[in-house]
Amino acid sequence: MKRINNSVLVLSLFAGMMYTNAQEKKQLSLDEAVQLGIQNSKSLKIDAAKIEEATADLLAAKNRQLPELSVSASYLYLPIKPTIDLKIPGVSSAAGPEVHQVAYGSANLSVPIYSGGRIKYGIQSAKYLVEASKLSSENDKVAIAYNVAQAYNNLFKANQSIKVLEENLSASQKRDETFLKLENNGVIARNDRLKANLQTSNIELQLLEAKNNYNIANINMDLLIGLPDNTEIEVDQNYIDESDDVKPVDFYLNEARENRKDLQALDQQRKAAALGTKSAKAENLPSIAFTSGYVAADIPKFLTIYNAVNVGVGVSYNLSNLWKENSALKQSKAREMQLSATNELMNDNIKLEVNREYQNSDYSKKRIAVFEKAAVQANENYRITKNKYDNGLATMTELLDADAAQIAANVGVINAKADAALAYRKLLQTTGTLTIK
C-alpha cells in the first residue's frame, strides 16, 4: 500500500512538472505587444487583400491606355462542293475548281487617341482609391494598437490586484494565527476570532476572482497578439508611468484634423468620386482610335490573298446617348453628395471624440490624486485602529473594516494609474497620433 502511495506521489509530481513546463512565460513591454498585435492581426490581412484588389483595379485602368492587338486564324473544311458564281465579266465559273477547304487569318491593332478623358480619369481615380485603402489600413493599425493597450491594461490591473491581495492574505493569515493563540489563552472571544477568519476567507475569494480575471485577460491577450494560448505574459511594471502632460484641447483637435487616417481616406474617396463624375460626363463624347490590320486568306486552286494591310482612324459614338439619360452621371453625383455629408458627420464625430477623451484623460489623472489621498488615509486609519484595538479601545469589527478599506484603497491607486495611462492612449488614438513603434 505504501508503494502504491509513493507511486501516486511521484506521478503527481511529474504531472505538475509537465504542466509547469507547458506554461511558457514571456515578458513583453506594451510596445512589443502592440507590434505583435499588428503583425498577427487578421483584420490587417483583410486590409492587405483590399489594397491588392485596389492595386489590381489601378493596373486595369492603366491597361486601357495601351494598344489592343488581336490575332485570329481559322481553317474550314467544306465536305460538300460549294456553288461559286463569279460576277467578273468574261470569266466563267462553270468549270471552276472544286473548293474543299479555306484558311484565313487576320491581325488587328487599335491605339486609343481620344476617349473624352475617361481613361485618364479612370487611372487617377484608381490611384486615389489605392491610397484610400492604404490609409484605411493605417487607421486600423491605430485601432489595433489601442485594443492591445486596453488588453494589456486589463492584464496589468489583474496582476497588480493579485499582488496586493496576496500580501494582505498573508498578513490576514498571520493575524488569524495570533488571534487563535489569544483565544486559547482566553484573551479574546471566539466570536472575534471567527470574524477575523471570515475576513481572511473574503480576501481569499477576492484573490480567486482576481486570478480568474487574470487568466481570462491573459488568454485574451495571447489571442490578440498571436501567441499560443498557454503563454503567460509578464507585463512591464513601468507601463503606468508612460503618459505625458495633457496639452490644451485645441492642440488635440488640430492633431486630429491633420493626422486622422480615416479622414484622409475619406478625402481620397471624395477625389475619386469627383473624377468618377467627370468620367461619367465623358460617356457622351465620342472615342477616337488609330487602327491597323492585316488579312491573309488561302483557298487552294481558287484564291490566295496576302499582304492585305490597312491603316486608318476609327470613330465610335453611341447614338443612344442622344435620348437616354446618363444614369452613371446621376449615380456619381449622388456618391459625391453622400461622401460630402459623411465628411461633415465625421468631422463632427471627431470633435466629439477628442473632447470626450480629453475630459476622460483629465478626469483619470485627477482620480489618481484622490485615490492616493484615500490610500494614505486608509493606511493611517488602519494603523490607528490597530493600535487602539491592541489597547482595547476598538472593536474587532472596526479593525476588520479598517483593513478592508485599506485593501480597497491600495488596489484603487493601482487601477487609477493604469486607467489614466489607458485614457491617455485613447486620447492619442482619437487624434490619430497613437505611436506604433
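The values are calculated or read from the model by the stated rules, or taken from the named source; none is laboratory data. Computed from a predicted structure; not experimentally measured. For neighbour counting, all protein chains shown are included, and Cβ atoms are generated from backbone atoms with ideal geometry for every residue, glycine included. Note: areas computed on protein heavy atoms with side chains; ligands, DNA, RNA excluded. Shrake-Rupley method; radii C 1.70, N 1.55, O 1.52, S 1.80 Å.
Between 76, 399, 329, the GNM of the chain built on Cα springs shorter than 10 angstrom shows 76 fluctuating the most. A Cβ-based charge dipole, computed about the Cα centre of the range 329-437 with Lys and Arg at +1 and Asp and Glu at -1, lands at about 540 debye. For the residues 301, 247, 181, a GNM of the chain with alpha-carbon springs under 10 Å puts the largest fluctuation on 301.
Would the range 388-437 count as rounded, prolate or oblate if I go by the C-alpha gyration tensor, calling it rounded below 1.5 in a/c and otherwise prolate when a/b exceeds b/c, oblate otherwise? It is prolate, given that a/c is not under 1.5 and a/b is the larger ratio.
Quick one: in the range 322-407, what % of C-alpha pairs are over 20 Å apart?
Working: 2451 of 3655 pairs.
Cα-Cα pairs of the range 322-407 separated by over 20 Å account for 67 percent.
If DNA, RNA and ligands are ignored and the probe is 1.4 Å, what is the ranking of 287, 70 by accessible area, most exposed first? Working shown, then result.
On the way: 287 30, 70 60 Å².
The ordering from most to least exposed comes out as 70, 287.
For the cross-link pairs 127/330; 81/301; 174/417, the ones whose C-alpha atoms lie over 25 Å apart are 174/417.
Find out how many positive minus negative residues lie around residue 325, taking Lys and Arg as positive, Asp and Glu as negative, among other residues whose Cβ is under 14 Å from that of residue 325.
On the way: positive: 281, 324, 330, 333; negative: 283.
That works out to +3.
The charge dipole of the chain, taken about its Cα centre with unit charges on the Cβ atoms of Lys, Arg (+1), Asp and Glu (-1) only, comes to about 960 debye. Which of 69, 135, 78 moves the most in a Gaussian network model of the chain with Cα springs under 10 Å? Among 69, 135, 78, the largest GNM mean-square fluctuation belongs to 78. The listed residues 179, 290 rank as 290, 179 when sorted by accessible area, largest first, using a 1.4 Å probe.
Multiplying the residue separation of residue 362 and residue 379 by 0.36 nm and removing their Cα-Cα distance gives an extension gain of 3.5 nm. Ranking 399, 285, 300 by how far each Cα lies toward the positive end of the dipole of the chain (charges on Cβ) leaves 300 at the top. Computed over all pairs of different Cα atoms, the Kirkwood value for the hydrodynamic radius of the chain is 30.3 Å. Counting only heavy atoms of the protein chains and using a 1.4 Å probe, residue 389 has close to 40 Å² of accessible surface.
Counted as membrane-span-like here are DSSP H helices of the chain whose alpha-carbon atoms extend 18 Å or more along the helix's own axis and whose Kyte-Doolittle mean is -1.0 or above; these are 2-22, 42-63, 118-184, 190-225, 261-281, 396-431.
Which distance in Å, rounded to a whole number, links the C-alpha centroids of the range 386-437 and the range 255-292? When both Cα centres are located, 54 Å separates them. A Cβ-based charge dipole, computed about the Cα centre of the range 295-338 with Lys and Arg at +1 and Asp and Glu at -1, lands at about 180 debye. Between the listed residues 29, 311, 97, the Cα displaced farthest toward the positive end of the dipole of the chain, a dipole computed from Cβ unit charges relative to the Cα centre, is found at 97.
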